[in-house]
Amino acid sequence: MNKIIFKGIMPALVTPMDENEKLIRPVVGQLMDYQLSRGVDGFYVGGATGEGPIIPAATRMELCEAAIEANRGRGKIIVHIGGPNFSDVKELVKHATACGADGISAMAPNAYFGHSDRELIDYYKRIAAMTDKPLLVYVTPLMLGNNLTAVFTELMDVENIAGLKFTQYNYYLMTLLKMINGGNINIINGPDEMLLCGLSMGADGGIGSTYNVMPERYAALYKAFREGDTDRAREIQYSVNRVIRVLLEFGSGAVLANVKDALKLMGFGVGECAYPMACADAAGLAEMKKQLIAAGLEL
């Protein structure tokens, strides 16, 4: 079975919501139409950028439904169902499967307790057994203490575990993972600022927060790399990194809030972040706009 299922550029979709964490459903479609028109290949829904693990399960389910409806088969939809409560996870897996998601993804069970290799293997096998959809393991720094080559050597024996979203900075580790299963393992790069590094080390595409703001640049970077024009790909990576630097450093450095604020400056009514994370006030937005324009973002 070919496990290289997901490729290309996939924004980690933000979740438009009001101060009560209710979905602003029309904006989901507006964001997706905008990003698809600029060359993206799919979406990662309800992940960390989408605030999935900290918002109500009902909101996550509505987001899943809204994204699949708005997508209309134009791109791949990967729904992140991970969270600290396994009862919620089971319901989210069932719901995403029934809604017709193209794939399922989950980060480690929670950020409070370390999990052994065996616990992680069992966790992802149990999730995979609940669905017939391909599963991407969301590899974050929560797994820094795990032997990931051993974990994935076993997990890749499960038919519908396709691979992983790699959100770490150890690209040597990525190469070791890409060697598993004879290379038949779907690896998607996580760090936006190092997409070219990930592609060079064998990643099949990228998922990222700042793809929401600059979808056409990431699509052009991926195209240039695929065509062998590494100089052009590097030039684009530098251009997005200038913008990323603002989004990483502005205000408190809360990337999610800064991405939402950048989208507001672009005309999208994405609303608020889940409490207590706060978006910028009018003065903050004005200063952010100045810095983003200086970094080369057209607003």
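The values are calculated or read from the model by the stated rules, or taken from the named source; none is laboratory data. Being a predicted model, the structure only gives us computed values, none of them experimental. Ideal geometry is used to build each Cβ from the backbone, glycine not excepted, and the neighbour counts take in all protein chains shown. With ligands, DNA and RNA removed, areas are computed over all heavy atoms of the protein, side chains included. Shrake-Rupley method; radii C 1.70, N 1.55, O 1.52, S 1.80 Å.
Assorted remarks:
- Each Lys and Arg Cβ is given +1 and each Asp and Glu Cβ -1; about its Cα centre, the stretch 1-45 then shows a dipole of about 280 debye.
- Only Cα pairs under 8 Å and 6+ residues apart enter the sum, and on that basis the relative contact order of the chain stands at 20 percent.
- Mean projected area in nm² (Cα convex hull; one quarter of hull surface) for the chain: 14.2 nm²
- Globularity index of the stretch 1-138, i.e. its alpha-carbon radius of gyration over 2.2 N^0.38 Å: 1.02
- Between M143, M174, M266, the GNM of the chain built on Cα springs shorter than 10 angstrom shows M266 fluctuating the most.
- Here the 3J(HN,Hα) profile of the stretch 218-235, calculated from phi with Karplus coefficients 6.51, -1.76 and 1.60 at θ = phi - 60°, is 5, 5, 5, 4, 4, 4, 4, 4, 4, 8, x, 8, 5, 5, 5, 4, 5, 4 Hz, Gly and Pro shown as x.
- Student exercise, the chain dipole from Lys, Arg, Asp, Glu Cβ charges, in Debye to nearest 20: 460 debye
- Given +1 at the Cβ of Lys and Arg, -1 at the Cβ of Asp and Glu and no other charges, the dipole of the stretch 1-107 around its Cα centre is 460 debye to the nearest 20.
- Amide H contacts under 5 Å for G206, placed H, 5+ residues apart: G8, I9, M10, N189
- Remark: relative contact order (the stretch 1-79) = 38 percent; criterion is Cα-Cα distance under 8 angstrom and separation of 6 or more residues.
- Electrostatic tally near I236: other residues with Cβ closer than 14 Å to its Cβ, Lys and Arg +1, Asp and Glu -1, net 0.
- In this structure the stretch 141-299 gives 43 Å² per residue of accessible area when probed at 1.4 Å with all protein chains present.
- Accessible surface of the chain, 1.4 Å probe, proportion on carbon and sulfur as whole %: 52 percent
- Gyration tensor (alpha-carbon) shape descriptor, the stretch 199-248, a/c threshold 1.5: prolate
- Per residue value of the accessible surface for the stretch 44-128 (all protein chains in place, 1.4 Å probe), Å²: 41 Å²
- Accessible heavy-atom area order of M156, M277, highest first, probe of 1.4 Å: M277, M156
- Gap separating the Cα centres of the stretch 261-291 and the stretch 120-160, nearest whole Å: 36 Å
- Mean separation of Cα contacts under 8 Å, 6 or more apart, over the residue count of the stretch 103-237: relative contact order %: 18 percent
- Where only C-alpha atoms are counted, convex hull volume of the stretch 98-179 per residue in Å³: 96 Å³
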